[in-house]
Structure formats: structure tokens, C-alpha cells
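Worksheet for the structure shown next.
The values are calculated or read from the model by the stated rules, or taken from the named source; none is laboratory data. It should be emphasised that the depicted structure is a prediction, and the values quoted were computed from it without experimental measurement. No Cβ is skipped: glycine too gets one built from the backbone with ideal geometry, and neighbour counts run over all protein chains shown. Side chains are part of the model used for accessible areas, which takes the heavy atoms of the whole protein and leaves out ligands, DNA and RNA. Shrake-Rupley method; radii C 1.70, N 1.55, O 1.52, S 1.80 Å.
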Amino acid sequence: MTELTILMPCLNEAETLETCIVKANDYLKRSGVDGEVLIADNGSTDGSQDIAKGLGARVIDVPVKGYGAALGAGISAAKGRFVIMGDSDDSYDFSNLDPFVKELRDGADLVMGNRFKGGIEKDAMPPLHRYLGNPVLSAVGRIFYHTPVGDFHCGLRGFSRQAIQGLHLNTPGMEFASEMVIRATLFDLDIREVPTTLKPDGRSRPPHLRSWRDGWLHLKLLLTFAPYWLFYYPGLVMFWVGLVGFLALMLGPVVVGGITFDVATMILAGALLLTGFQMVCFYILSRIFAVRFNLLPTSRRFERLRAKITVDNACILGGILLLTAMIATLSGVFSWGATGFGDLDARAIVRPTTLAVVCASLGVQSITTGFLASMLQQEIRPDPK
């Protein structure tokens, strides 16, 4: 079996493709590594395919547009046990791949290049990317996922083809690079990092990357695979802040530092409580879905939580909350009746009414979450046909 595939996605890279392939071929010849150069062409119209074939590279056509689509097809078509991927714009040095191969042979599943450690030449990376986009997104990745990577978006990286194919990566665009690192971290792959250099690319045209659009795609992906940070932690904070404020104000006005908080604040606390509870429910449902379809790994703590999310338990909790809402409603009606159904002090009626609304909403949300969670966990029977 071939040991190494050097994979380059390509879309109209005639200006620089030859240089990249020559460097890759020279590396294979010098190092003695049994390998191939594979070009995943994404619909070039400038003769890139002929250049690649003329230099002995293997070319596959990828009709689905996008950086991720090209790389995904290339990984599937690769003959090598290991794959080293890099852009075909001559910004990365394909003649110096020894650090990547060394780590892969040592058992690493994913070896990331780090341009900040290896060196970024003048004008090789726009200031927006160098000082804001890359550091911020890489920091978010480390905080959310505890990923041991300092350069989340380095385009030069090596990996075990079998390990990465087991992640079932499916994003078609530039965010494919982030998805690879995120899912490799979530599924406990062996991730390592080596210094690499970045120099200005050799193209006369603008790059395919669009800073704000692709930055947003990367950030969305970071949040999508982190339901704790997207739903659970914010929801938990809102729930407890809202609950404490709501219960305190149910007993009457609260004075803090000469400022009186009353029913208006209680209504806002109720809204915060409801929103927080809903976000926690979203977390539970999204995590069940993601674990079921192998988008996220499970954990013992989550399995214990999931075991408690049954229709029976949800209906019991929901029933208690709905009963509380009914009692609060009747209390408000009786208070109104005591006045002969005439005018009421708003502060007197708002408290039981708000309690009824909040408890009813929480009750319905509990029951529907329980049923939906149960539906998501139902066994899928194969089609008898």
C-alpha cells in the first residue's frame, strides 16, 4: 500500500500548480517515501488539469463546488495510508514534509502545521487574519474543545486517512478545515502540531477565501459542535438568575441600594427563566440527536442525564407545573372575585398571573421535550423490502 498521498485542492491554479507539484515530487524522491501527488480539481478552466497530468500527478474531477468538497473527494480517492494536504497556491513548502511524516509514523492521527511557530513571511497573511481572525477563532476552538492546536486554520496538515474518514466530515466549504480539527478532538484522536512556514502565494488573482463570510462559517461551525457553549451554559445562567429573581419578587418588592424592584422586574425575570429553560431543553435534544447520528461523542454524564429524560418523568414534572399554574390562576380569580370582579390593584393580580403563565409554559415545555427526546431515541427498524 502506498504510504503517503500529497493532496492539493485546485481551482484555476495554473500559475502556481507546477511549482507545488515539482516540490512535492522532489520531496518524495529525496525522502524515499512511497507516495503520490493527487490533485482534486474543482472545475478548473485554465488548463490546471493538463499541467498536473504532465508532471505525473494523478487528477480527479470533483463536480461539487467547494474547498471541503474537493478535499473530501481527494481523501476518499487517496491511495496513501497517510495524507498531507496543502493549498496549491505555493504558500506552503511541499519540499519539507519530514516533520509531518515523522509524527504520522509515530502514531499521530492528525498533525497540524503551526504558521505562528514556523514563521509567516511579510504579506503572506492579511493583518485581519493574522492579528484578529486566526487568533480569535483558534482561541475559541481551544476554549470550547480543549484542542491542543495553536493554529486552527493552517492549510498544511497531515493525517491518517483511515482515522479522518472515520469522522465522516461533510462540510463542503472552507469550514471543512475547522470541522476536521473539531471532530478529531471530540473523538479523542491523537492530534499533534509541528511548525511550518507561510509565504505569500504566487497567484496574480485574489484568493478564493472571503474573510468575513468564511470567518462566520468557521464560527458557526465552532458553535454548532459545542452545544454546551451554544445552549447549555448560557441557558443555565439565565435559568438560575431568572429563577432567583422571580422567586424573590413573588414575595413582594425588593429594595437594593435604594432602588425598588417590583412586578415589572419580576416579569422580566420570568422571561429570563423561560428562555433559559428552553435553551437547556434545546441542548438536551440537540445532544441526543448529535450522539445518535455520530456527530458528537457521548459521555457517562450525558448518558446518566439521558436516562432520566423519559416521557414518564417529563409528564410528572410537567403535570406538577401545570397544576401549580392552575392553582395560581384560581388564586387570581378568587382575589378578583373578592372585589366583586371590579378594579384590582395591578401589583396584586400580576404576581399570581405571572406565576401561572411561567409555570404553564414550563410545564408544556417539559412534556413536549420529554416526548421529542423519546422520539429521537426510538429504534429505527430496517425497511422490510
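Of the beta bridges in the chain, as assigned by DSSP with both residues counted there, near 30 percent are antiparallel.
A 28 angstrom limit on the alpha carbon distance is what I want to check against. Which of LYS29/LYS79; LYS79/LYS117; LYS53/LYS79; LYS29/LYS122 exceed it? The pairs that break the limit, which is 28 Å between Cα atoms, are LYS79/LYS117; LYS29/LYS122. Per-residue ellipticity at 222 nm computed for the chain from its helices equals -17000 deg cm²/dmol, with DSSP H segments shorter than 4 residues left out and the rest contributing -39,500 (n - 2.57). Taking 0.36 nm per residue of sequence separation and removing the Cα-Cα distance, the VAL311/VAL255 pair yields an extension gain of 16.0 nm. A crude spin-label estimate for the pair LYS220 and SER31, with each label 7 Å from Cα along the Cβ direction, gives 3.6 nm.
For helix 17-31, what angle does its Cα long axis make with the longest principal axis of the chain, in degrees from 0 to 90 and rounded to 10? With both axes taken from Cα atoms, the answer is about 70 degrees.
Ellipsoid fit via the Cα gyration tensor, the chain: semi-axes of 56, 23, 17 Å, each the root of five times an eigenvalue, largest first.
In terms of its Cα atoms, segment 64-180 spans 37, 29, 29 Å along the principal axes, sorted from long to short. Across segment 267-272, coupling constants 3J(HN,Hα) worked out from phi with the 6.51/-1.76/1.60 Karplus curve, θ = phi - 60°, read 5, 5, 5, x, 5, 5 Hz, and Gly and Pro carry x.
Along segment 309-325 the Karplus relation, 6.51 cos²θ - 1.76 cosθ + 1.60 evaluated at θ = phi - 60°, assigns HN-Hα couplings of 8, 10, 4, 4, 5, 5, 5, 5, 4, x, x, 4, 5, 5, 5, 4, 4 Hz to successive residues, with x for each Gly and Pro. For segment 148-203, a crude dipole built from +1 on the beta carbon of Lys and Arg and -1 on the beta carbon of Asp and Glu, taken about the Cα centre, is about 200 debye to the nearest 20.
Sorted largest first, the principal axis extents computed over the alpha-carbon atoms of segment 1-55 equal 34, 20, 14 Å. Relative contact order for segment 66-182: 45 percent, from Cα pairs under 8 Å spaced at least 6 residues apart, divided by residue count. What percentage of the solvent-accessible surface of the chain, computed with a 1.4 Å probe over protein heavy atoms, is contributed by carbon and sulfur atoms? Answer for the chain: carbon and sulfur cover 63 percent of the accessible area.
Once the gyration tensor of the Cα atoms in segment 267-385 is diagonalised, the equivalent ellipsoid follows with semi-axes of 40, 15, 10 Å, ordered largest first. What translational diffusion coefficient, in µm²/s and rounded to a whole number, does the Stokes-Einstein relation yield for segment 250-314 at 4 °C and a viscosity of 1.567 mPa s, taking the hydrodynamic radius as the Kirkwood radius over Cα pairs? Estimated diffusion coefficient is 87 µm²/s. For LYS122 and ILE143, FRET efficiency with R0 = 22 Å and r from the beta-carbon atoms, rounded to 0.05? It comes out at approximately 0.15. With θ taken as phi - 60° and the Karplus curve 6.51 cos²θ - 1.76 cosθ + 1.60 applied, the whole-hertz 3J(HN,Hα) list for segment 138-154 is 5, 5, 4, x, 5, 5, 5, 10, 6, 6, x, 10, x, 9, 4, 10, 4 Hz, x standing for glycine and proline.
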